[in-house]
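Note sheet for the following structure.
Please treat every number below as a calculation from the coordinates, not as lab data. Model, not experiment: these values are computed from the prediction. Note: ideal-geometry Cβ built from the backbone for every residue, glycine included; neighbour counts use all protein chains shown.
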Amino acid sequence: MSRIGSLPIDIPQSTEVNIKGSEVMVKGSKGELRRRFHPDISITLKGEFLIVARPSDSKVHRSLHGLTRSLLANMVTGVSQGFEKILEINGVGYRAQKTGDKLLLQVGYANTVEFIPPPGISIGVEGTNRVRVTGIDKEVVGETAAKIRAIRPADSYKGKGIKYVDEKIRLKPGKAGKIGKK
């Protein structure tokens, strides 16, 4: 039995769940998410819990069981609490600035890089070197943060670039040079 798939999903008081066949709509204080799941996996609402069940122990059904439960739990958490990723910009002269909806990044290129977030994602700038990406869909928040990080990933020699706040960069030693050469 799947350890993740068999766990019930607790639904908060302010969250509303509607199930129509294989499509699930979750509505909460932060917004609304819809998703269509595989028709073989059954999703039922029992009181204040969502239960995910599979029809057989085949490999496909076992893999879909845990996946469906995780995606549903992320939907419930997203509409009730939301998700966020924080990025940090390191480097001399590197900075971020927000104008309207756009994020302007000066990260060592000749021109300023302009980033427009997808709908449903809000970007905030704290100081000049922290970028906060927030939204209700965990996948879109993570993908947006990864796209911003990919503009200038942190360098492994100097540590300059964009990285996640909790990411540790292991710096490599540079060239040692020849000692005692005359």
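When the charge dipole of the range 9-80 is built from unit charges on Cβ atoms (+1 for Lys and Arg, -1 for Asp and Glu) and taken about the Cα centre, the candidate among Gly47, His65, Gly31 whose Cα reaches farthest toward its positive end is His65.
In order along the range 23-28, phi translates into HN-Hα couplings of 9, 10, 10, 10, 10, x Hz, rounded to whole numbers, per the Karplus curve 6.51 cos²θ - 1.76 cosθ + 1.60 with θ = phi - 60° and x for Gly and Pro. Simple spin-label estimate for Asp155 and Asp57 gives 5.6 nm between the two label positions (7 Å along the Cα-to-Cβ direction from each Cα). Each Lys and Arg adds +1 at its Cβ and each Asp and Glu adds -1 at its Cβ; summed about the Cα centre, the range 118-182 shows a dipole of about 940 debye.
Working ranking of peptides 36-45, 19-28 by packing, defined as the average number of other Cβ atoms within 10 Å per residue, highest first, is 19-28, 36-45. Take the Cβ atoms of Tyr164 and Ser122, set R0 to 30 Å, and the FRET efficiency comes out at 0.95. Counting every C-alpha pair in the range 70-150, the share spaced more than 21 angstrom apart comes to 29%. Convex hull volume of the C-alpha atoms in the chain, normalised per residue: 179 Å³. Between Arg95 and Glu139, the modelled labels are 3.8 nm apart [label points 7 Å from Cα along Cα→Cβ]. Net charge in the neighbourhood of Pro119 (other residues with Cβ under 11 Å of its Cβ; Lys, Arg +1, Asp, Glu -1) is -2. Note on the range 34-155: with charges restricted to the Cβ of Lys and Arg (+1) and Asp and Glu (-1), its dipole about the Cα centre is near 220 debye.
Rounded to the nearest whole Hz, the Karplus-based 3J(HN,Hα) values (6.51 cos²θ - 1.76 cosθ + 1.60, θ = phi - 60°) of the range 144-157 follow the sequence 5, 4, 5, 5, 5, 5, 5, 4, 8, x, 4, 6, 7, 9, with x at glycine and proline.
Taking a ≥ b ≥ c as the square roots of the eigenvalues of the alpha carbon gyration tensor, the range 9-80 is prolate, as a/c is not under 1.5 and a/b beats b/c. All other residues whose Cβ lies under 12 angstrom from that of Ser80 are scored, Lys and Arg at +1 and Asp and Glu at -1, for a net of -1. Taken one residue at a time, the phi angles of the range 107-116 give Karplus couplings (6.51, -1.76, 1.60, θ = phi - 60°) of 10, x, 8, 5, 10, 6, 8, 9, 10, 9 Hz. Gly and Pro are set to x.
Of the beta bridges in the chain, as assigned by DSSP with both residues counted there, near 100 percent are antiparallel.
Cross-link check: pairs Lys98/Lys138; Lys85/Lys138; Lys30/Lys102; Lys98/Lys147; Lys85/Lys172; Lys30/Lys85 evaluated at a Cα-Cα cut-off of 19 Å; pairs beyond the cut-off: Lys98/Lys138; Lys30/Lys102; Lys85/Lys172.
Taking packing as the residue-averaged number of other Cβ atoms within 10 angstrom, the listed peptides 120-128, 138-146 run from highest to lowest as 138-146, 120-128.
Neighbours of Gly161 by Cβ distance under 10 Å: Lys/Arg scored +1, Asp/Glu scored -1, total +3. Note on the chain: GNM, Cα springs under 10 Å; of Asn18, Asn90, Asn74, the largest mean-square fluctuation is that of Asn18.
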